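In what follows, a structure is listed as structure tokens, so that the remarks can point back to it.
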Amino acid sequence: MQKLSELDSLQTSGSKFRVLLGLTGSVAALKAPLLVRQLLEFPEVDVRVVTTDHATHFYDISEVPVRAYTDKDEWEMWTKRCDPVLHIELRRWADLFVIAPLDANTLGKIASGICDNLLTCVVRAWDTNRPLLFCPAMNTAMWNHPITAQQVASLKSFGYIEIPCISKKLVCGDEGKGGMAEVSTIVDTVKQYFQKPAV
Ligand SMILES: Cc1cc2nc3c(=O)[nH]c(=O)nc-3n(C[C@H](O)[C@H](O)[C@H](O)COP(=O)(O)O)c2cc1C
């Protein structure tokens, strides 16, 4: 019953533009409730969240006003042949995937094709004709490591779109690049995909 109602909820967005928000284990995930609320201000948008377990350390999942899927959901939903496979249902459901924040760990995993949790399985199964936006967020020292630029370039070579990080005083006290883009910048970028200018 639970499985069926979950699946139903992934089939009931009507004609809305479906935004899947991915959250990874950066402190910037604390902005998740705000980001979801701002996206929901657009009546033509529906939102679901897919979160890593580490991301849930930084925000209260009960404060996210939409369904947030975890690794536990992925494994509980499938018990036998013909059961829905959550990461495939989510990639079918979504018109756009925005990963905000994208931490260094998941950046590295996506760059090399690793898919060991729900979020990275959605990415691995993603239809590259649909937009995938990513918002890196990490400590400045991590950002400055030469592997970061290589991995960001790999993601761009797959057709994914970077919403660049910003320079700021980070939560750890360091100052410099690595802060996640502002929520308003992320919302404005997503908006471009469902509010196309009239021709
Ligand atoms: C307090 C704290 C803050 C962290 N902030 C960040 C961050 O902003 N960016 C980042 O790349 N990693 C950060 N990390 C490390 C990630 O949480 C860690 O690499 C984790 O394994 C990521 O898992 P995930 O990619 O599956 O979410 C932080 C860890 C802690 C304990």
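Where a number appears in this text, it was derived from the coordinates with a stated rule and is not lab data. Note that this is a predicted model, so its numbers are computed, not measured. Note: ideal-geometry Cβ built from the backbone for every residue, glycine included; neighbour counts use all protein chains shown.
Side notes on the structure shown:
- Cβ-to-Cβ counts within 10 Å put Cys172, Cys121 in ascending order as Cys172, Cys121, the fewest first.
- Legend: ranking of residues Phe17, Phe134 from fewest to most surrounding C-beta atoms inside 10 Å; resulting order Phe17, Phe134.
- Computed helical MRE - 222 nm, the chain, DSSP H runs ≥ 4 contributing -39500 (n - 2.57), nearest 500: -10500 deg cm²/dmol
- Percentage of interatomic Cα-Cα distances in region 82-131 larger than 19 Å: 23 percent
- A convex hull fitted to the Cα coordinates of region 138-199 yields 91 cubic angstrom per residue.
- Pairs of lysines in the chain (C-alpha under 14 Å apart; 8 or more residues apart or interchain): 5
- For region 91-175, alpha-carbon Rg relative to the globular expectation (2.2 N^0.38 Å, N residues): 1.10
- Dividing the convex hull volume of the alpha carbon atoms of the chain by its residue count gives 126 Å³ per residue.
- Restricted to Cα atoms, region 42-125 shows a radius of gyration and a Dmax of 13.2, 38 angstrom.
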